[in-house]
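A short write-up of the structure that comes next.
Each reported figure results from applying straightforward, stated rules to the coordinates on display, with no laboratory input. This is a predicted model, so every value here is computed, not measured. Every residue, glycine among them, receives a Cβ derived from its backbone with ideal geometry; neighbour counts consider all protein chains shown.
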Amino acid sequence: MDSYKTPLGELQIEVFGHASLLLKINGMNIYIDPYSEVCSFEGKPKADAFLITHNHYDHYDINAIAPIEKDDSKFIVGPNVGEIDERYIVLNNGDGITWNGIDVTAVPSYNINRRNEEGNHFHPKGVGNGYIIDIQGFRIYVAGDTEPIPEMSEIKDIDIAFIPKNLPYTMTDEEFISCANQIKPKYLYPYHYFTLDVEELRKGVDPEIKILDR
């Protein structure tokens, strides 16, 4: 588990694999896209909030959610998840919410070029979210399932970024490197990958960006 100092206290980050993350801050547990095929969530800390990027089975997984949800867990979700019950808050791209001193903004996350066998984008524009999590000035970018997209030019002042690296759904190594160098986070986690050669990525990524392999 990695630790960072924020204005709201110590932030601990646990990376479970695939796109599954846990942020622990000020006594709160925030899960992002928990996925039961990479981790058993039985016995894990109960969730105060979930951030769900989109409704694909490896991001919105009720088998992973069930052991850690509470009656009052908040679900901040993209529009293709929808309002399942009163705990669910649906954010469209560009929408934001403040929760317990943390600002969460939904940002675009989609494919431009990559399509399935039927010719449809794996992740159409406007139905899934990335998130910027702003902990009183300490900013985390979770990109979701996305290719390099024009809207990334507006993402600034990021302390920690989670950027996907896998085909055919998201990015090549070269695209990953390009996005990293554009966003310039202080700390960079490749995630949602099938294979990973961190040393090769480091050759292209700005050396001021610290790449973390989890």
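Miscellaneous remarks
- Scalar couplings 3J(HN,Hα) for the stretch 157-169, obtained by applying the Karplus form with A = 6.51, B = -1.76, C = 1.60 to θ = phi - 60°, are 6, 9, 7, 10, 10, 10, 10, x, 8, 7, 10, x, 8 Hz; x denotes Gly and Pro.
- Extreme residue, positive dipole direction of the chain, given options 64, 97, 40 (C-beta unit charges): 97
- Relative contact order (%) - criterion: Cα under 8 Å, at least six apart; region: the chain: 13 percent
- Between the listed residues 13, 73, 31, the Cα displaced farthest toward the positive end of the dipole of the chain, a dipole computed from Cβ unit charges relative to the Cα centre, is found at 13.
- Taking amide H as placed 1.01 Å from N in the peptide plane, residue 6 has its amide H under 5 Å from the amide H of 11, each at least 5 places away in sequence or on another chain.
- Put in order of Cβ neighbour count within 10 Å, fewest first, the listed residues 11, 188 become 11, 188.
- Relative contact order (percent, whole number), the stretch 30-122, Cα cutoff 8 Å, 6+ residue spacing: 20 percent
- Amide H contacts of residue 95 (H built 1.01 Å from N, in plane; Pro and chain starts excluded): 106 sit under 5 Å, all sequence-distant by 5 or more or on other chains.
- Beta-bridge orientation, the chain: approximately 60 percent antiparallel, per DSSP, counting only bridges with both partners inside.
- Computed over the chain, the ratio Rg/Rh where both radii use C-alpha atoms and Rh is Kirkwood: 0.93
- Ranked by the mean number of other Cβ atoms within 10 Å per residue, highest first, peptides 70-80, 50-60 order as 50-60, 70-80.
- Of the cross-linked pairs 46/186; 44/70; 165/210; 46/74; 165/203, those separated by over 18 Å at the C-alpha level are 46/186.
- For chymotrypsin sites (Phe, Trp or Tyr not before Pro), no site in the stretch 1-34 is both called loop by DSSP and has at most 12 other Cβ atoms within 10 Å.
- Karplus-derived 3J(HN,Hα), 6.51/-1.76/1.60, for each residue of the stretch 93-105, Hz, glycine and proline x: 3, x, 7, x, 8, 10, 9, 6, x, 10, 8, 10, 10
- When the helices of the chain are scored as -39500 (n - 2.57) per DSSP H run of n ≥ 4 and the total is divided over every residue, the value at 222 nm lands at -2500 deg cm²/dmol.
- Using bins of 10 Å that start at zero, the share of Cα-Cα pairs per bin across the stretch 1-85 amounts to 18, 53, 26, 3, in whole %.
- Assuming charge only on the beta carbon of Lys and Arg (+1) and of Asp and Glu (-1), the dipole of the chain about its Cα centre is about 400 debye to the nearest 20.
- Applying a DSSP loop filter and a limit of 13 other Cβ atoms within 10 Å to the GluC sites (Glu not before Pro) in the stretch 32-81 leaves 37, 42.
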